[in-house]
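Notes follow once the structure below has been shown.
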Amino acid sequence: MSAITQSPVEEQVVKKPFLNSSFIRILRYSAVRILTLFVTVVIGIYLTIVIANMGGYVDVIMRGEIRDRVTQMIINNQAYQQMDNETRQQLIQERIAAEEKRVGLDVPIAVRNFRYLKNALVLDLGRSINMTSDSGSKQVRLILLERLPPTLLLMATSQLFLFFSSIFIALNLSRNYGNFWDKLIIALSPSSAVPPWFYGIFLILIFAAGFKILPFGGMVDAPPPPNKFDYALNVLKHLILPGFSLVISAFFLSVYNYRTFFLIYSSEDYVDMARAKGLHAKDIERRYILRPTLPNIITNFALLIITLWTGALFTETVFLWPGLGRTLFQAIGQYDTPIIVGSTIIYAYLLAMTVFILNFVYALVDPRVKIGE
């Protein structure tokens, strides 16, 4: 019996509905994911606003600070010393009301929360309450953009070094499972529970206060070097301690995590079969060990990239590094809600976009993943 063949026209009829159904499935999946992520972002930002305002308690604190500041300013002003008590009290109340209106305390907190939310979702970050940029502007956008380059320099240098060195060392450890270095990494992995700012304090005590070979903090000497080459070297000198504290804090646990993934896949049956067939060790690592771990590696790398925006809150503060982390720390201390919300909404959008894109990246690197199924 002869084999049944399909004509080109019949093949087109078969393929076209399949392509249409795949496109519709991906489109439906994308719409659902975007809607879900948007709802998540809205909820997260609103909770951030509520927490930043401490459920309204920040208003009480700010009103008290305004009342004390205005009262002391008028009482200690020689121009108002000759006023009678009633007139002075009326002036104080007028100044307090004007100051509360300036910072938005004349609007109910529920209204202000939804106003913050609406403005944040359209990236209308508004004006800071207390903080200013180096140029004197109160625009939240300018304040964040001004602090972004130092944070990118610190975080990108430390985190990219940590990422690539961890993978390289973990791959070497997986080849020599159970040797001295492998056991040493396992033994030192709990040290990653210590936060980077804690390592930072010890590094300052040793290299800045003790040996006096590195600066205590800041991004550059005061006054800064006049030419660009010396300026760059000076910045790198200031970068060593905060960058090393960020790396050493997460290094051993990061190596341990990647090493565990590599060991899990290197013990699979298909890897043993590849070795039995005589495949070269590097080919086995590339095709049968590294490729299955790509989704995990890509996820960690993508999350690393977006965390460059957040900075290192306490580490930047300890080293007086003028980045986004220190700015956010100051904003929290000064109850500057626009700065807090502005930083959070940008990170939330970056995280949502990353999660959405990763779903398609997984389908590209892993044939077992089907979008929408």
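Bear in mind these aren't lab numbers, they're just calculated from the coordinates by the rules spelled out. All values derive from a computational prediction rather than experimental measurement. Cβ: placed from backbone, ideal geometry, glycine included. Neighbour counts: every protein chain shown.
A few remarks follow.
- Residues of type lysines that Lys101 reaches as a straight line, Cα spacing below 19 Å, ignoring anything fewer than 8 places off in the same chain: Lys138
- Cα shape, the chain, gyration tensor, a/c 1.5 rule: oblate
- What the pair-distance distribution of region 8-121 shows, using all Cα-Cα distances binned every 5 Å from zero, is 2, 9, 12, 11, 9, 8, 7, 7, 6, 5, 4, 4, 3, 3, 3, 2, 2, 1, 1, 0, 0 percent.
- Computed with the Debye formula from one identical point scatterer per Cα of region 115-203, without solvent, the log10 of I(q)/I(0) at q = 0.10 Å⁻¹ comes to -0.53.
- Tilt relative to the chain, helix 109-121 - C-alpha long axis, 0 to 90 degrees, to 10: 50 degrees
- Counting only alpha carbon atoms, the long axis of helix 337-365 and the longest principal axis of the chain meet at about 0°.
- Within the chain, helix-based [θ] at 222 nm, where runs of 4 or more DSSP H residues each add -39,500 (n - 2.57), nearest 500: -24000 deg cm²/dmol
- Between Asp221 and Leu320, the C-beta separation translates, for a Förster distance of 22 Å, into a calculated FRET efficiency of about 0.95.
- Tail fraction, Cα-Cα pairs, region 170-251, threshold 16 Å, whole percent: 62 percent
- Sites Ser21 and Phe202, calculated FRET efficiency, Cβ-Cβ separation with R0 51 Å, nearest 0.05: 0.25
- 0 to 90° range, to nearest 10: angle between helix 85-102 axis and the chain longest Cα axis: 20 degrees
- Table column - 3J(HN,Hα) (Hz), region 153-163, Karplus curve with 6.51, -1.76, 1.60, x for Gly and Pro: 4, 5, 6, 5, 4, 6, 6, 5, 4, 4, 5
- Long-range amide H partners of Arg127 with built H, under 5 Å: Val140
- With 0.36 nm allotted per residue and the present C-alpha distance subtracted, the Ala193-Leu145 stretch has 14.1 nm of extension available.
- Cα radius of gyration and Dmax for region 137-282 (Å): 20.7, 68
- ³J(HN,Hα) computed for each position of region 72-84 - Karplus, 6.51 cos²θ - 1.76 cosθ + 1.60, integer Hz, glycine/proline x: 5, 5, 6, 5, 8, 7, 4, 5, 9, 5, 7, 5, 6
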